[in-house]
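Step one of this worksheet: look at the structure below.
Each value in this text was obtained by applying a stated rule to the coordinates, not by laboratory testing. Keep in mind that this is a model prediction, so the values were computed, not measured. Because the Cβ atoms are built from the backbone with ideal geometry, glycine has one as well, and the counts that use them run over all protein chains shown.
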Amino acid sequence: MKKTSGDLHPTPFNKEFQWNAWKNIQKEIPEKGWVWQNIRTGKAGGAQWMEQQIYYDMLYTFRLGTLSPYAIGLLEGKLLGTKCPICGDITFPPRVNCWNLDCNLEKTTWVEMPKKGKLHAWTVCGFAAKSALKKLPFVLAYVLVGDSKTAIANILHIKEPWHTETNMPVIIKFASKEDRVGNLIDFWFEPDSSWTSGPMTEEKERIKLLCEPVYKWVKTL
Ligand SMILES: [Zn+2]
């Protein structure tokens, strides 16, 4: 196994992914995950704003500007989307201005979204950033929350990832108040209690097989 010197995230040159080789290489990666976060909120021009600082290999500062109510809503356990007063389109994640050309960038208004949605697209992740490795394999899902015209990506907590199905109903669960940071990691998706998975199919078997080495490898971490 070789790696290019100076690469922050070296990837194996082998065409086939070598799990054991990666186990050795990952020790050299300085990534620690979401180790530090500072949130400041305040008021400017009559509106609430939020600034976040996150350490993820390096320090990032985000000023959320007009989208601050979205992050502040997460801290309060609420999903805030936006609605255009002209065409009525609802979007979550929020958009400050309407996307419809006919609406001429009309300013949207905030609306609280229901904590349920429909799974639009998904994938099973067999690899992740270092801080999420032990959660593998997990499902990354794009969900249409409520009547939103846009989908938002987050983790779907499901016991057997291969049973995930397009269009399945999901609910949104929030982390406990003390653990919320005003960020995507404050919530996740779970299958709605009304949903039961369909029978195993050829495709589900294929995905299950692909998950096996991941489960095995994660146990060694
Ligand atoms: Zn519009």
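Remark: the Cys87-Tyr60 segment gains 6.1 nm on full extension, using 0.36 nm per residue and subtracting the alpha carbon distance. Note on Asp89, Asp179, Asp192: ascending count of other Cβ atoms within 10 Å places them as Asp179, Asp192, Asp89, the fewest first. Across all Cα pairs in the stretch 154-221, the calculated P(r) in 10 Å bins from zero up to the longest distance comes to 17, 37, 35, 11, 0 percent per bin.
Our estimate of slack between Lys135 and Leu209, defined as 0.36 nm per intervening residue step minus the Cα-Cα distance, is 24.9 nm.
The Cα atoms of the stretch 31-218 give a gyration tensor whose axes a ≥ b ≥ c have a/c of 1.5 or more with a/b no greater than b/c, which makes the shape oblate. Would you please give the FRET efficiency between Val218 and Ser194, computed as 1/(1 + (r/R0)^6) with r the Cβ-Cβ distance and R0 = 30 Å, to the nearest 0.05? Working from the Cβ atoms, E equals 0.45. For the pair Lys118 and Glu51, what calculated FRET efficiency results from E = 1/(1 + (r/R0)^6), where r is the Cβ-Cβ distance and R0 = 35 Å, to the nearest 0.05? Computed FRET efficiency for Glu51 and Lys118: 0.55.
Among Thr108, Thr123, sorting on how many other beta-carbon atoms sit within 10 Å of each Cβ, with the fewest leading, yields Thr123, Thr108.
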